[in-house]
1. Could you check the range 1-30 and list, in sequence order, the residues that are on the phi > 0 side of the Ramachandran plot and modelled with pLDDT of 95 or more?
2. Taking ALA151, is it modelled with pLDDT of 85 or more, farther than 20 Å from GLY95 by Cβ and part of a helix (DSSP H, G or I)?
3. When you check GLY237 against the structure, is it of a type in the set (Gly, Ala, Ser), in contact (Cβ under 8 Å) with a residue 40 or more places away in the chain, surrounded by fewer than 16 Cβ atoms within 10 Å (Cβ to Cβ) and over 16 Å from LYS144 (Cβ atoms), yes or no?
4. Within the range 52-68, is there a residue that is assigned to a strand (DSSP E or B) and in contact with a His (Cβ under 7 Å, 6 or more places away or on another chain)?
5. Looking at this structure, is ARG166 in a helix (DSSP H, G or I), among the charged types (D, E, K, R), outside the structural domain of PRO310 (by TED's automatic domain parsing) and closer than 25 Å to ARG94 by Cβ?
6. Identify the single condition in (1) surrounded by fewer than 24 Cβ atoms within 10 Å (Cβ to Cβ); (2) modelled with pLDDT under 85 that PRO187 does not satisfy, given that it satisfies every other one.
7. Tell me, yes or no, whether the range 169-182 has at least one residue that is touching a strand residue (DSSP E or B) at 6+ places or on another chain (Cβ under 6 Å), among the small types (Gly, Ala, Ser), in a strand (DSSP E or B) and buried (at least 24 other Cβ atoms within 10 Å of the Cβ).
8. Would the range 87-96 turn up any residue that is in contact (Cβ under 8 Å) with a residue 60 or more places away in the chain, under 28 Å from THR218 (Cα atoms), surrounded by 20 or more Cβ atoms within 10 Å (Cβ to Cβ) and of a type in the set (Ser, Thr, Tyr)?
Amino acid sequence: MSVSRGTPLLRVRDLAVEFATPQGTVRAVDGISFDVHENETVGIVGESGCGKTVTGLAILGLIPSPPGRIAAGSIQFAGRELVGLDEEALRAVRGSDISMIFQEPMTALNPVFTVGSQMTDVLKRHKGLTAEQARREAIDMLGKVGIPAAARRIDEYPHQLSGGMRQRVMIAMALSCGPKLLVADEPSTALDVTTQAQVLELINALQDEFGMAVILITHDLGVVAETCRRAIVMYCGKIVEKAPIEPLFDRPRHPYTHGLLDSIPRIRADKLDRLPTIEGRVPDLLHLPSGCRFADRCARATNECRAAEPDLRRDGDAAFACFHPWEGAA
């Protein structure tokens with residue numbers, strides 16, 4: 001697929017994803033919209049349960065149904081609508097045009113098949129290679145992601161590899177067909193700090209080599225600052241702020257974004273006795289409060305915030321959903 005210059009590679013509009021539960025219907029993603037352009041890296045950040053991973057799964061058509069479903073909205077990739085495509089058509093897009101690095105490689109990789117059998121299956125399906133051609137290409141890709149002795153490792157099982165090696169295998173599988181868009185869901189969370197840095201550097205290097213766009217799903221704002229051009233901040237299934245990286249970090253507008261940034265451990269001149277935190281708990285998605293979903297945890301909340309839900313307001317290249325935004329620096 002190709003896309004004209006200046007046109008977003010990915011356009012998500014008013015996306016809503018619901019899950020049926022015995023207690024009622026949970027709307028895990030509630031009317032979000034964003035774009036991703038060619039060759040750029042966009043971060044999606046927020047606390048666990050905010051809808052980050054569900055957004056990524058929806059893009060690839062991987063929402064388990066039942067109990068989940070895309071209830072509303074549009075997902076266009078290179079001008080083609082993905083919502084409503086049948087499974088065969090989605091399978092043709094998935095892996096070849098859009099790929100995903102899953103959060104936990106030990107559960108994403110099949111433990112009863114070797115690394116090679118899992119990688120070559122993708123290559124044979126999407127690129128029409130013979131078994132021998134697919135094996136050669138898989139070994140080459142394993143080498144590109146920094147796995148030593150790739151010709152030997154390809155015949156090993158996932159449990160024989162370290163966590164960092166398994167994550168590199170996931171990256172190799174995701175990139176083996178040269179996708180235009182990579183969705184990386186917490187690609188370094190379960191790794192030690194050194195391996196985490198190596199994996200992120202690898203993704204950046206391969207992005208330049210393959211010329212692909214990346215959606216980086218993470219809770220780590222430090223990772224976002226180092227790797228992303230723009231960031232989307234989610235809370236309770238909603239986008240509360242989106243902005244280019246520098247203004248987001250220098251002048252966050254939404255109190256939730258401000259709280260996330262303020263709670264990052266750092267060397268401070270004021271020598272606080274206690275690291276700042278966002279007080280309170282994320283509301284139950286089955287029983288959401290009226291008005292702003294962050295109001296009960298926000299020191300700036302007023303009766304206006306509890307009565308009505310704020311819409312996203314544009315501020316140059318940024319947007320935020322708050323009646324009483326922060327005006328100064330973080």
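1. Once the filter is applied, which keeps residues that are on the phi > 0 side of the Ramachandran plot and modelled with pLDDT of 95 or more, the range 1-30 yields only ASP14.
2. Values: modelled with pLDDT of 85 or more: yes; farther than 20 Å from GLY95 by Cβ: yes; part of a helix (DSSP H, G or I): yes.
The answer is yes for ALA151.
3. Numbers: of a type in the set (Gly, Ala, Ser): yes; in contact (Cβ under 8 Å) with a residue 40 or more places away in the chain: yes; surrounded by fewer than 16 Cβ atoms within 10 Å (Cβ to Cβ): no; over 16 Å from LYS144 (Cβ atoms): yes.
So GLY237 does not fit the description; no.
4. Initially, the range 52-68 is screened for residues assigned to a strand (DSSP E or B), giving 68.
After this cut, where a residue has to be in contact with a His (Cβ under 7 Å, 6 or more places away or on another chain) as well, the list is none.
Among the residues of the range 52-68, not one is assigned to a strand (DSSP E or B) and in contact with a His (Cβ under 7 Å, 6 or more places away or on another chain), which makes the answer no.
5. yes
6. Unmet for PRO187, out of (1) surrounded by fewer than 24 Cβ atoms within 10 Å (Cβ to Cβ); (2) modelled with pLDDT under 85: (1).
7. no
8. No, the range 87-96 has no match at all.
The values are calculated or read from the model by the stated rules, or taken from the named source; none is laboratory data. Just so we're clear, the structure is a prediction, and the values are computed from it rather than from any experiment. Glycine gets a Cβ as well: all are built from the backbone with ideal geometry, and neighbour counts include every protein chain shown.
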